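The next block holds one structure in the form of structure tokens; read it before the comments.
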Amino acid sequence: MTGTSTEDRLRSYIREREDEVLEFARELIRTPSPNPPGDERAVADLVTSQLAELGVTGVERVGATPERPNLIVRMPGSGGGPKLMLSGHLDTKPAGDLEAWRTDPWDPVLEDGNLIGLGSGDMKAAVAGMVYALGAIRSVGPLAGDLVAVFTADEEAGSLLGSKWMADNGLLDADVAIIGEPSGIEREWESIHLVSRGAALFKVKITGTQMHSSISDRIEGINATVQMARLIDRMDRDLESYLTYEPHPLCPTGPTVNVGVMAEAGVFYGVYPGNAEFACDIRTLPGMGEQQMIGDINRFLTAAMTDQPDLAAELVWELMVPATEISADEPVVGILQKATAEVLGHEPRLDAFPGATDAPHFQLTAGIPCVAAFGPGMLPRAHSPNEYMSADSVALGAEIYGLAALRYLGGLT
């Protein structure tokens, strides 16, 4: 059996099931898994049953609690080859304002060649594609190397019960991983994301004078809400200049600073506000460390309080997810580029994923070099009302993942 004939059989397997793959993606959308509140049991059941239909066994269900299952699917090779991991998350963001949706978020609609529904691109289409790629590999294998698929819980709320929990408990093992997050900004399948930018999450507390508001014209006080507004404005203009980082060729605009993503102040009418608090997130580049970040932000706050002596501001550090990067020389990168060019007719460029993915837990904790994002859908449509993607991309994803796995694992028997 030659590699070419095996590739032909794999591609035929998927193309004969294009409608099936799309319908499975729709079933995944019909199975709600919003996070918060977080409960992936039903969608994990659906993935497990569909794998069984395709003849794929060896599915292990693991998790910190029964309500938050992760799936590990192992397809052993004949020996002597590397180990490849495919990964997608089972949860979605909440639907948000239902009035902003033209259709029911959990009723996957096909319209003008698009698949509309919550989690379509982020990332139930990729999960469907990976499931059918596993089925295709089973039908043409065995390969020399092992193929592993990891379907995670809790990605949309920080991965504490998903990839982080699995990595911390030593459950993840592979030579390289591919995460199927939506990899388009202006068009689908636009880039292979070698970098997963990190996320620094923190709050700033402002302390003022709480008192009866009717006497603020007679007794001098410090309005914490006004102080917060002034500090937010200054931080929005100046904080980036305080951040220490090395420019990165895949991140030409540097870190992304989002000030005031949440804010809270005051008590009620009649109360002069003595406390205020706002939250920020910074999307970081490779090499930006937690302690340096804390130091940089405190330098900014010290300068602001020096210029404005009545300002009392305190940093409350929440969390930092580090950035990761995989080398363009990793064999799987070139394999993905070539497979995509053959399936879609264009070669994706190499880029950085603007947000964070499960990559830090795979790469930094479990030691698995990780393509941070390469999957169907477009990032600007994710987390938005009327989320949609090209319906054709579901089966195309299965074909790309299947070809890449076949070529990376090799050693057909």
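Within segment 304-334, which residues are assigned to a helix (DSSP H, G or I) and touching a residue at least 60 places away in the same chain (Cβ under 8 Å)?
Ala304, Pro331, Val332, Val333
One residue is enough: does segment 378-388 have a residue meeting the conditions open to solvent by 10 Å² or more (accessible area, probe 1.4 Å), within 21 Å of Val109 (Cβ to Cβ), assigned to a strand (DSSP E or B) and of a type outside the set (Gly, Ala, Ser)?
yes
Any residue at all in segment 233-244 that's in contact with a Gly (Cβ under 8 Å, 6 or more places away or on another chain), part of a helix (DSSP H, G or I) and open to solvent by 30 Å² or more (accessible area, probe 1.4 Å)?
Taking every residue of segment 233-244 in turn, at least one turns out to be in contact with a Gly (Cβ under 8 Å, 6 or more places away or on another chain), part of a helix (DSSP H, G or I) and open to solvent by 30 Å² or more (accessible area, probe 1.4 Å).
Does Ser163 fit the bill of being touching a strand residue (DSSP E or B) at 6+ places or on another chain (Cβ under 6 Å), under 30 Å from Asp392 (Cβ atoms) and open to solvent by less than 60 Å² (accessible area, probe 1.4 Å)?
yes
Is there a residue in segment 132-154 that is in a strand (DSSP E or B) and among the charged types (D, E, K, R)?
Yes, the conditions are met somewhere in segment 132-154.
Can you name the condition, by its number, that Leu172 falls short on among (1) open to solvent by less than 10 Å² (accessible area, probe 1.4 Å); (2) closer than 25 Å to Leu285 by Cβ; (3) in contact with a helix residue (DSSP H, G or I) (Cβ under 8 Å, 6 or more places away or on another chain)?
(1)
Kindly indicate whether Lys93 is surrounded by 14 or more Cβ atoms within 10 Å (Cβ to Cβ), within 21 Å of Ser183 (Cβ to Cβ) and of a type outside the set (A, V, I, L, M, F, W, C).
Considered against the rule, which asks whether it is surrounded by 14 or more Cβ atoms within 10 Å (Cβ to Cβ), within 21 Å of Ser183 (Cβ to Cβ) and of a type outside the set (A, V, I, L, M, F, W, C), Lys93 comes out as yes.
Six or more apart or on different chains, Cβ atoms under 6 Å: show the pairs whose first residue is in segment 278-290 and under 23 Å from Thr207 (Cβ atoms) and modelled with pLDDT of 95 or more and whose second is open to solvent by 10 Å² or more (accessible area, probe 1.4 Å) and among the basic types (Lys, Arg).
Close Cβ pairs (under 6 Å, with a partner that is open to solvent by 10 Å² or more (accessible area, probe 1.4 Å) and among the basic types (Lys, Arg)) amount to Ala279/Lys203.
Is it the case, given these coordinates, that Thr357 is at pLDDT below 95, assigned to a loop (DSSP other than H, G, I, E, B) and open to solvent by 50 Å² or more (accessible area, probe 1.4 Å)?
Criteria not met by Thr357.
Which of the residues belonging to segment 389-413 are surrounded by 21 or more Cβ atoms within 10 Å (Cβ to Cβ) and part of a loop (DSSP other than H, G, I, E, B)?
Matches in segment 389-413: Ala391 only.
Pairs, please: C-beta under 6 Å, at least 6 apart or cross-chain, first residue of a type in the set (S, T, N, Q) and in segment 25-45, second assigned to a loop (DSSP other than H, G, I, E, B)?
Taking only residues 6 or more apart or on different chains, the pairs are Ser33/Glu40; Ser33/Leu90; Ser33/Asp91; Asn35/Asp91.
Does segment 35-67 hold any residues that are part of a loop (DSSP other than H, G, I, E, B) and under 22 Å from the mean Cα position of the chain (by Cα), and which are they?
Matches in segment 35-67: Asn35, Pro36, Pro37, Gly38, Asp39, Glu40, Gly63, Ala64, Thr65, Glu67.
Within segment 217-230, is even one residue among the basic types (Lys, Arg), under 30 Å from Glu325 (Cα atoms) and at pLDDT 95 or above?
No: zero hits.
When you go through Gly270, Gly266, Gly289 one by one, which is the residue that is within 15 Å of Val226 (Cα to Cα) and either of a type outside the set (S, T, N, Q) or exposed (fewer than 12 other Cβ atoms within 10 Å of the Cβ) (or both)?
Gly266
Could you figure out which of (1) open to solvent by less than 30 Å² (accessible area, probe 1.4 Å); (2) part of a loop (DSSP other than H, G, I, E, B) isn't true of Ala279?
(2)
The values are calculated or read from the model by the stated rules, or taken from the named source; none is laboratory data. Here the structure is a predicted model, which is why all the values come from computation and not from measurement. Note that we place each Cβ from the backbone using ideal geometry, even for glycine, and neighbour counts take in every protein chain shown. Quick note on the areas: whole protein, heavy atoms, side chains included, nothing else; ligands and nucleic acids left out. Shrake-Rupley method; radii C 1.70, N 1.55, O 1.52, S 1.80 Å.
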